[in-house]
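The values are calculated or read from the model by the stated rules, or taken from the named source; none is laboratory data. Since we're looking at a predicted model, the values are computed, not measured. When we count neighbours, we look across all protein chains shown, and the Cβ atoms used for this are built from the backbone with ideal geometry, even at glycine. Ligands, DNA and RNA are stripped out before the accessible areas are found, and what is left, the full protein with its side chains, is counted by its heavy atoms. Shrake-Rupley method; radii C 1.70, N 1.55, O 1.52, S 1.80 Å.
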Amino acid sequence: MNLKKNKMKSLLAVLVLSLVTSACGTPLPSESTGQVPPQVPQENKENKEKQPENVAQDMAEEQQEKEILVVVDQEPKPIEGNSFDFFIEQRPAGYSLASMQWKSEKADIVTTTEQAIKNDTEGNPGENRFVIGGSMPLSSFYYKDELKGEKGKLILVFKNEQGNEKTWEKELTLK
């Protein structure tokens with residue numbers, strides 16, 4: 001009887017040992033392929049807050065960014081006073097520049113395209129003003145010393161013949 005018990009124990013031990021060894025030798029899917037196994041997606045608070053109208057608004061803003069390309073140059077120039085230049089590289093098809101605006105805590109300056117063209121020849125050098133002039137499509141914003149270091153937004157408004165508007169804006173710190 002002891003012999004039978006010992007054989008059963010040995011057989012059971014071999015069986016358990018072979019199960020353990022075979023399970024340990026089997027690679028997990030991530031080990032065999034080098035890929036991370038798929039995870040159960042977690043609910044994201046940001047995704048929950050994205051309502052269909054917010055998604056549409058984000059898409060419209062993205063499209064508008066592709067339609068309008070403006071380059072701002074704040075490099076110092078060999079002129080008296082403070083200014084920066086900006087170049088409209090791309091505007092929406094069928095739209096033209098209608099107005100320019102500098103908006104900050106200290107100032108809210110709005111200039112139409114017509115006023116900016118006049119400011120090139122008639123503008124007072126000591127005032128805050130937008131200017132369009134020169135032989136190339138160069139636009140500039142001249143500002144007084146008191147605005148130096150001021151954080152604000154350059155806002156460009158484009159209009160088409162039907163009166164529809166598209167706006168481009170960029171946050172800047174005046175140097």
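Using the scaling law 2.2 N^0.38 Å as the reference, what is the normalised Cα Rg of segment 101-175?
Details: Rg = 13.0 Å, N = 75, 2.2 N^0.38 = 11.3 Å.
The value comes to 1.14.
Tally Lys and Arg at +1 and Asp and Glu at -1 over the other residues with C-beta under 9 Å from the C-beta of LYS166: what net charge comes out? Intermediate results must be reported in sequence, preceding the final value.
On the way: positive: ARG91, LYS159; negative: GLU67, GLU165.
Combined, the nearby Lys, Arg, Asp and Glu give 0.
Return the FRET efficiency for the residue pair PHE87, GLU114: r is the Cβ-Cβ distance, R0 is 30 Å, and the value is rounded to the nearest 0.05.
It comes out at approximately 0.95.
Just the accessible area for ILE132, please: 1.4 Å probe, Å², rounded to the nearest 10?
Counting only protein heavy atoms, the figure is 30 Å².
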